[in-house]
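Engineer: Below you'll find the structure I mean.
Every read-out reported here was derived from the displayed coordinates using simple, explicitly stated rules and does not represent laboratory data. Note that this is a predicted model, so its numbers are computed, not measured. As a convention, Cβ positions derive from the backbone with ideal geometry for all residues, glycine included, and neighbour counts pool all protein chains shown.
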Amino acid sequence: MQLDLATRPNSLLRAEVSKLLVHRSARRQGLARQLLLALEDHARTLGRTTLVLDTRHGDIAEQLYQSMGYIFVGAIPAYFINFDGQPHATAVYYKLLAAK
């Protein structure tokens with residue numbers, strides 16, 4: 001999992017969640033949720049209060065993000081080529097982090 005920090009002077013409150021991957025054999029055990037919570041805590045310590053992410057539209061990962069308070073912004077069609085060689089839409093989400 002990665003947290004990509006925006007670096008432009010006008011975007012220092014923002015970061016992107018990327019590469020949240022959990023092996024198929026370890027899914028549905030809460031690992032992705034724990035990783036995402038740790039990433040959010042780390043973002044807070046860095047002063048980042050707005051997180052953004054994208055995932056394949058219709059993927060089961062959307063359920064996780066929605067359950068953790070990420071807000072669906074919209075879908076962009078034909079955004080990337082998946083392993084099947086076909087273009088797929090991406091779903092864009094954001095979350096405003098509350099102070100702890």
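Engineer: Work from the charge dipole of the chain (Cβ charges, +1 for Lys and Arg, -1 for Asp and Glu, about the Cα centre) and give the residue of Leu53, Phe83, Leu12 farthest towards its positive end.
Structural biologist: Leu12
Engineer: With n ≥ 4 as the cut-off for DSSP H runs, can you work out [θ] at 222 nm for the chain, using -39500 (n - 2.57) per run divided by the number of residues, rounded to the nearest 500?
Structural biologist: Helix-only estimate at 222 nm: -6500 deg cm²/dmol.
Engineer: Are there any chymotrypsin sites (Phe, Trp or Tyr not before Pro) in region 51-100 that are in a DSSP loop and have at most 15 other Cβ atoms within 10 Å? List them by number.
Structural biologist: Phe83
Engineer: If the chain between Leu37 and Ala99 were fully stretched, how many nm would it gain, using 0.36 nm times the residue separation less the Cα-Cα distance?
Structural biologist: Net length gain for the segment: 21.0 nm.
Engineer: How big is the equivalent ellipsoid of the chain along its three axes, where each semi-axis is √(5λ) from the Cα gyration tensor, reported in whole Å from largest to smallest?
Structural biologist: Its equivalent ellipsoid spans semi-axes of 23, 18, 12 Å.
Engineer: Each label point is 7 Å from the Cα along the Cα-to-Cβ direction; what then is the distance between the points at Arg27 and Thr45, in nm?
Structural biologist: 3.0 nm
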